[in-house]
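Just below is one structure, and these are the notes that go with it.
The values are calculated or read from the model by the stated rules, or taken from the named source; none is laboratory data. Keep in mind that this is a model prediction, so the values were computed, not measured. Methodologically, a virtual Cβ is constructed for each residue, glycine included, from the backbone with ideal geometry; neighbour enumeration extends over all protein chains shown. Just the protein is used for accessible areas: all its heavy atoms, side chains included, with ligands, DNA and RNA removed. Shrake-Rupley method; radii C 1.70, N 1.55, O 1.52, S 1.80 Å.
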Amino acid sequence: MRNVKILVLGRTGQVGWELRHKLSCLGQITSVEYPEIDLSQADSIRKVMRAAEPAVIINAAAYTAVDKAESDPDLAAAINGTAPGVLAEEARQLGSLLVHYSTDYVFDGTKECSYVETDTPNPLNIYGKTKLAGDQAIESVGGNYLIFRTSWVYGSRGNNFLLTMLRLAKERTELRIVDDQVGAPTSSECIAQATANILSRVLAPAGDGLDGRSGIYNLACAGETTWFGFAKALLTKSVGTLGVSIPSLIPIKTSDYPRPAQRPANSRLSCRRLAETFGVGLPHWEHALDLVLETLAEGNPPFTTP
Ligand SMILES: NC(=O)c1ccc[n+]([C@@H]2O[C@H](COP(=O)([O-])OP(=O)(O)OC[C@H]3O[C@@H](n4cnc5c(N)ncnc54)[C@H](OP(=O)(O)O)[C@@H]3O)[C@@H](O)[C@H]2O)c1
């Protein structure tokens, strides 16, 4: 297993960064980042894939600026919609496994309960539409692939809700936070750990390989909350360790906080298929949050807000 060549894309991102740490026992990890690879350019992707010849390619790179995508649809479509199909074609040519990440934003959020993988997507915004196009491009190429749909990603580094709340709590006496969108905050650390656990099974010499299990799998922390609930929990848990004092927290409706991109009201993902297929389950979001806050409190990596 040690000689398996694993190529990670998106190393500077939240998930990509954690992947390089969690995957290190699984094989020979290399990563390529922009501009050495430009996912908006098919030629660039093909060149890197053909030079690297990885047995496993993990694509944690994406156009993730949800609001900006509304006014930048072509670039978002190239990176999120077209590039995954090119990666899948190259992976299939090489006989390698493609691991790719997708999003709860492929759904419109009108379902009463958690979304399962077979639910019909109906994205509300450009980001969701382009991510769905990427999922469909991979599926139509076929080969060996795993698409992990996750939600509300945050971590100890990068641009995310948790670091923004910690910063704002130091700057303001009052925070107004959306309380009518439901989902599961999922740490980049948990996503990377779950990916590593699944790959360790699939790649083990005595393991059973992917064996017909190519497909889409929901992969998110257990439990559910709102953005307001998440903010309240993370700030309450940070008092005393991260020098945070809790501002007055005001729950508001999505309609009170208009943004360029519409968001689904329900982002809950059922992860039953992942558990039944690979025996992997992510912890409750509050437990994952404790671990991220511990990392921040230890100052490793240093606490930096975007
Ligand atoms: N963030 C969320 O809340 C969320 C929720 C659900 C699903 N997801 C999915 O989870 C995955 C990981 O997300 P994340 O939050 O870790 O992303 P992220 O922190 O925004 O990182 C994105 C990565 O993509 C790279 N990238 C962007 N444009 C590129 C290009 N043209 N060529 C090459 N690389 C490029 C970025 O490189 P630079 O640093 O050089 O820009 C960065 O390394 C993505 O597939 C995302 O759609 C995210």
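Before moving on, here are some points about what is shown:
- Whole-number accessible area per residue in Å² for the chain, which is evaluated in the context of all protein chains at 1.4 Å: 44
- Sulfur and carbon atoms: percent of accessible area, the chain [1.4 Å]: 48
- Sparse-neighbourhood loop sites, GluC sites (Glu not before Pro) in region 87-134 - DSSP loop, at most 11 other Cβ within 10 angstrom: Glu112
- Radius of gyration over Kirkwood radius for the chain, both on Cα atoms: the Rg/Rh ratio is 0.96.
- Taking amide H positions as modeled 1.01 Å from N, with prolines and chain starts lacking one, the residues under 5 Å from Ile58 and 5 or more places away or on another chain are Leu7, Val8, Leu9, Val99.
- Packing-based ranking, highest mean first, of 98-104, 75-81 given that Cβ atoms within 10 Å are counted: 98-104, 75-81
- Gained length - Thr12 relative to Ala51, 0.36 nm times residue gap less alpha-carbon distance: 11.9 nm
- Here the 3J(HN,Hα) profile of region 66-76, calculated from phi with Karplus coefficients 6.51, -1.76 and 1.60 at θ = phi - 60°, is 4, 6, 4, 4, 4, 10, 9, x, 5, 5, 4 Hz, Gly and Pro shown as x.
- Distance between the C-alpha centres of region 236-276 and region 157-213: 13 Å, rounded to the whole angstrom.
- Principal semi-axes of the equivalent ellipsoid, √(5λ) from the alpha carbon gyration tensor of region 63-166, are 24, 17, 15 Å from largest down.
- Since only Gly279, Asn266, Gly299 are under comparison, the one whose Cα sits farthest along the positive direction of the charge dipole of region 240-299, derived from C-beta charges on Lys, Arg, Asp and Glu, is Asn266.
- In Hz, Karplus ³J(HN,Hα) per residue of region 219-224 (6.51, -1.76, 1.60; θ = phi - 60°; x = Gly, Pro): 9, 9, 5, 7, x, 7
- Charge dipole of region 1-127 about the Cα centre (unit charges at C-beta), most positive-ward option of Gly16, Ser31, Tyr115: Ser31
- For region 210-303, the spread of Cα positions along the three principal axes, ordered from largest to smallest, is 51, 38, 21 Å.
- For Val153, the residues 5 or more places off, or on other chains, whose built amide H falls under 5 Å of its own are Thr186.
- Relative intensity, log₁₀ I(q)/I(0), of region 1-131 from a Debye sum that treats every alpha carbon as a point, q = 0.10 Å⁻¹: -0.35
- Only Cα pairs under 8 Å and 6+ residues apart enter the sum, and on that basis the relative contact order of the chain stands at 21 percent.
- Annotation: the antiparallel percentage among DSSP beta bridges lying fully within the chain is about 5.
- Cα-based Lys pair tally, the chain, threshold under 17 Å, eight or more apart or on separate chains: 7
- Amide H within-cut-off set for Arg176, under 5 Å, with H built and near neighbours excluded: Ile250
- Placing dummy labels 7 Å off each Cα toward the beta-carbon, the span from Arg213 to Ser245 is 5.1 nm.
- Under the convention that each Lys and Arg Cβ holds +1 and each Asp and Glu Cβ holds -1, the size of the dipole of the chain around its Cα centre is about 380 debye.
- Value of relative contact order over region 1-128, rounded to a whole percent, pairs C-alpha under 8 Å and six or more apart: 25
- For the peptides 245-251, 21-27, 155-161, the ranking by packing is 155-161, 21-27, 245-251, with the highest mean count of neighbouring Cβ atoms within 10 Å listed first.
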